[in-house]
Amino acid sequence: DAKTTQPTSMDCAEGRAANLPCNHSTISGNEYVYWYRQIHSQGPQYIIHGLKNNETNEMASLIITEDRKSSTLILPHATLRDTAVYYCIVRPSAGYALNFGKGTSLLVTP
Amino acid sequence: EAGVTQSPTHLIKTRGQQATLRCSPISGHTSVYWYQQALGLGLQFLLWYDEGEERNRGNFPPRFSGRQFPNYSSELNVNALELEDSALYLCASSFGQRSSPLHFGNGTRLTVT
């Protein structure tokens with residue numbers, strides 16, 4: 001499975017954009033990048049996923065580099081409720097389960 | 001649209017007993033996944049069911065087992081409970097395609113005393 005590397009923690013001021021990076025240099029051509037977040041003691045929440053192109057939905061934008069070796073999740077206007085652990089996951093091409101790493105703990109401050 | 005529902009929310013068992021956890025997927029989803037999240041640890045993949053069949057299994061002993069019913073709901077059974085089995089057990093569901101995201105429930109908190 002392709003390994004991902006994320007910073008352990010990040011801070012962001014409320015109202016500013018939060019840019020969460022992820023490195024996945026060993027990703028294969030048909031493997032998707034998924035982003036989830038988990039607020040304490042709740043189930044992980046799906047945010048967004050993509051293969052090659054940039055993606056945007058009501059929650060966030062996903063920017064994938066042209067070589068697909070890294071990606072950035074962008075929360076355009078962070079709120080206090082965005083404080084959570086964010087997981088970047090490369091979904092293996094064989095077997096559909098997602099393997100969660102340690103993620104990035106994002107703290108949004110007033 | 002109703003999300004993934006899990007029951008019970010909390011479960012307390014004694015070491016050596018058996019625990020049964022239940023999961024109802026989102027309507028239309030055929031795949032169900034089970035994860036374990038022990039306190040302070042990450043999510044560990046347990047089991048994946050699709051169309052009633054076990055498709056993949058994580059690195060857990062055989063006393064962790066489950067099944068998926070014709071209506072796509074699922075049960076996770078943990079036999080011979082050990083103290084280390086205390087954890088949040090999360091169920092997720094998805095459509096049966098590799099590009100379909102998993103949607104998680106809020107879990108069952110199992111405490112083994």
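The values are calculated or read from the model by the stated rules, or taken from the named source; none is laboratory data. What you see is a predicted model, and the numbers here were worked out from it, not measured in a lab. All Cβ positions, glycine included, derive from the backbone under ideal geometry; neighbour counts span all protein chains shown.
A few comments on the model shown:
This table checks each residue for (1) hydroxyl-bearing (Ser, Thr, Tyr); (2) under 26 Å from B:GLN37 (Cα atoms); (3) modelled with pLDDT of 95 or more.
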{"site": "A:ALA13", "(1), (2), (3)": "no, no, yes"}
{"site": "A:ARG16", "(1), (2), (3)": "no, no, yes"}
{"site": "A:SER25", "(1), (2), (3)": "yes, no, no"}
{"site": "A:GLN38", "(1), (2), (3)": "no, yes, yes"}
{"site": "A:SER41", "(1), (2), (3)": "yes, yes, no"}
{"site": "A:SER61", "(1), (2), (3)": "yes, no, yes"}
{"site": "A:SER70", "(1), (2), (3)": "yes, no, yes"}
{"site": "A:THR83", "(1), (2), (3)": "yes, yes, yes"}
{"site": "A:TYR86", "(1), (2), (3)": "yes, yes, yes"}
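- Considering segment B:22-48, and only residues there that are of a type in the set (Gly, Ala, Ser) and touching a residue at least 12 places away in the same chain (Cβ under 8 Å), the residue that is farthest from B:PHE95 (Cα to Cα) turns out to be B:ALA38.
- Selection count, segment A:64-110, where residues are more than 21 Å from A:GLU14 (Cβ to Cβ), of a type in the set (A, V, I, L, M) and exposed (fewer than 14 other Cβ atoms within 10 Å of the Cβ): 1
- Counting only strands (runs of 3 or more DSSP E) that fall entirely inside segment A:45-101 and contain at least 3 residues that are within 12 Å of chain B (Cβ to nearest Cβ), the qualifying elements are A:45-50, A:84-91.
- Residue satisfying all of: in segment A:53-63; closer than 22 Å to B:HIS103 by Cα and not hydrophobic (A, V, I, L, M, F, W, C); surrounded by the fewest Cβ atoms within 10 Å (Cβ to Cβ) among these: A:GLU58
- Answer residue from segment A:1-11, given it is exposed (fewer than 13 other Cβ atoms within 10 Å of the Cβ) and not in a strand (DSSP E or B) and is modelled with the highest pLDDT among those: A:THR8
- Selection from segment B:33-70 of residues that are in a strand (DSSP E or B) and under 19 Å from B:ASN106 (Cβ atoms): B:TYR33, B:TRP34, B:TYR35, B:GLN36, B:GLN37, B:LEU43, B:GLN44, B:PHE45, B:LEU46, B:LEU47, B:GLY66
- Taking segment B:27-85 as the range and being small (Gly, Ala, Ser) and touching a Phe, Trp or Tyr at 6+ places or on another chain (Cβ under 8 Å) as the test, the residues that pass are B:GLY28, B:SER31, B:GLY42, B:GLY52, B:GLY58, B:GLY66, B:SER74.
- Residue in segment B:36-44 that is of a type in the set (A, V, I, L, M, F, W, C), crowded, with 21+ Cβ neighbours inside 10 Å, over 15 Å from B:SER24 (Cα atoms) and more than 10 Å from the chain's Cα centre (by Cα) present: yes
- Filter result for the condition that a residue is touching a residue at least 60 places away in the same chain (Cβ under 8 Å), out of contact with any Gly (no Cβ under 6 Å at 6 or more places or on another chain), within 14 Å of another protein chain (Cβ to nearest Cβ) and surrounded by 12 or more Cβ atoms within 10 Å (Cβ to Cβ), over A:TYR32, A:TYR36: A:TYR36
- Among the residues of this structure, B:TYR49 does not count as one that is more than 10 Å from every other protein chain (Cβ to nearest Cβ), crowded, with 20+ Cβ neighbours inside 10 Å and in contact with a Pro (Cβ under 8 Å, 6 or more places away or on another chain).
- One residue stands out in segment B:63-113 among those that are more than 14 Å from every other protein chain (Cβ to nearest Cβ) and basic (Lys, Arg): the one that is nearest to the chain's Cα centre (by Cα), namely B:ARG67.
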